[in-house]
1. Name the single residue that is nearest to ILE46 (Cα to Cα) among those in the range 94-118 being among the aliphatic types (A, V, I, L, M) and in contact (Cβ under 8 Å) with a residue 24 or more places away in the chain.
2. Identify, by number, the condition in (1) touching an Asp or Glu at 6+ places or on another chain (Cβ under 7 Å); (2) farther than 24 Å from GLY87 by Cα; (3) among the hydrophobic types (A, V, I, L, M, F, W, C) that ALA150 doesn't meet.
3. Among the residues of the range 1-52 satisfying the criterion of being under 29 Å from the mean Cα position of the chain (by Cα) and of a type in the set (Phe, Trp, Tyr), which is farthest from SER81 (Cα to Cα)?
4. ALA155 - would you say it is within 24 Å of ILE98 (Cα to Cα), in contact (Cβ under 8 Å) with a residue 40 or more places away in the chain and small (Gly, Ala, Ser)?
5. With (1) at pLDDT 90 or above; (2) over 18 Å from the mean Cα position of the chain (by Cα); (3) assigned to a helix (DSSP H, G or I); (4) farther than 29 Å from ALA169 by Cα as the list, and ARG84 as the residue in question, which single condition is left unmet?
6. Checking ALA169 against (1) over 20 Å from the mean Cα position of the chain (by Cα); (2) within 23 Å of LEU77 (Cα to Cα); (3) among the hydrophobic types (A, V, I, L, M, F, W, C), which single condition isn't satisfied?
7. Just name the residue that is surrounded by the fewest Cβ atoms within 10 Å (Cβ to Cβ) out of those in the range 189-200 that are within 19 Å of the chain's Cα centre (by Cα) and free of Cβ contacts under 8 Å to residues at least 40 places away in the same chain.
Amino acid sequence: MFQHVFDEMNNMLDDIVKHYPSAHGPKKQLLIHNWNMLKSMSEGIIDEWLHFEEKMALFRESTAAVPVFSLTESPELQLGSFIRGQGYYKLLMFRPAITQFAEAAVVYPESLLIRLYKAMAHLHLGELEEASGYLLSILPLAENKRFLQAIIYNALGCIHVINGRNDNACNYFTLAIQSDPTLPDPLNNLEVCHNNCGQLQYGSQLISLL
């Protein structure tokens, strides 16, 4: 629905990138004007998207039949900073997502869900030590949530692959499959591990987790 808008924005940005280094006078001023306009549009789109996500989250909570995390055990689901963090995560904007989740953690410091999102955001940013710390802190508390266990084991396996420890990684992927055989990521990652090629998959379930 918005593809033509983004096509035009990308074309305008490509024009700026191509011509700005050699532009002078009025041409340079026009490119600066276009850059400021694109920046304003981008920020406006993100703000509107996050507002839309908050409304979607409220509706989702009111209609979901069997959520993975119930509202009674996870009150952070209605917290504005948490919802905004989810929105940034879905937009693959992991640094601002971490900022929002950190704000949510001040209100709910024991939340497994907040720690899980922060872990996966750090993992996407290549911050393996931070990601591993969060994941290992959640794991002992997730023994009654098989789906959550599977996500954690899978992410830990990915960290071991990145660190060149494929044997340990395969063990974690196997544990993930045993925890929840319906989760597709560890099956893919186990194949990547065995073949030493392909792309690791992690954290995609958090986009549609709730």
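1. So in the range 94-118, the residues among the aliphatic types (A, V, I, L, M) come out as 97-98, 102, 104-107, 112-114, 116.
Next, only the ones that are in contact (Cβ under 8 Å) with a residue 24 or more places away in the chain stay: 97-98, 104, 107, 112-114, 116.
Numbers: ALA97: 12, ILE98: 16, ALA104: 19, VAL107: 24, LEU112: 26, LEU113: 23, ILE114: 21, LEU116: 23 Å.
The extreme case among them is ALA97.
2. (2)
3. Step one: of the range 1-52, the residues under 29 Å from the mean Cα position of the chain (by Cα) are 1-14, 17, 35-52.
If we keep only those that are of a type in the set (Phe, Trp, Tyr) as well, we get 2, 6, 35, 49, 52.
Values: PHE2: 26, PHE6: 27, TRP35: 29, TRP49: 14, PHE52: 14 Å.
By that ranking, first place goes to TRP35.
4. Values: within 24 Å of ILE98 (Cα to Cα): yes; in contact (Cβ under 8 Å) with a residue 40 or more places away in the chain: yes; small (Gly, Ala, Ser): yes.
Judged against the criteria, ALA155 is a match.
5. (2)
6. ALA169 satisfies all of (1) over 20 Å from the mean Cα position of the chain (by Cα); (2) within 23 Å of LEU77 (Cα to Cα); (3) among the hydrophobic types (A, V, I, L, M, F, W, C) except (2).
7. Step one: of the range 189-200, the residues within 19 Å of the chain's Cα centre (by Cα) are 189, 199-200.
Now restrict to residues that are free of Cβ contacts under 8 Å to residues at least 40 places away in the same chain: 189, 199.
Numbers: ASN189: 26, GLN199: 7.
Here the residue is GLN199.
Condition check ((1) part of a helix (DSSP H, G or I); (2) of a type outside the set (A, V, I, L, M, F, W, C); (3) surrounded by fewer than 18 Cβ atoms within 10 Å (Cβ to Cβ); (4) at pLDDT 85 or above) across all residues:
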residue: ILE152; (1), (2), (3), (4): yes, no, no, yes
residue: ALA155; (1), (2), (3), (4): yes, no, no, yes
residue: CYS158; (1), (2), (3), (4): yes, no, no, yes
residue: GLY164; (1), (2), (3), (4): no, yes, yes, yes
residue: ASP167; (1), (2), (3), (4): yes, yes, yes, yes
residue: ASN171; (1), (2), (3), (4): yes, yes, yes, yes
residue: ALA176; (1), (2), (3), (4): yes, no, no, yes
residue: LEU187; (1), (2), (3), (4): yes, no, yes, yes
residue: GLN205; (1), (2), (3), (4): yes, yes, no, no
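The values are calculated or read from the model by the stated rules, or taken from the named source; none is laboratory data. The model shown is predicted, which means the values in this text are computed figures rather than measured ones. Glycine also receives a Cβ, built like all others from the backbone with ideal geometry; neighbour counts cover every protein chain displayed.
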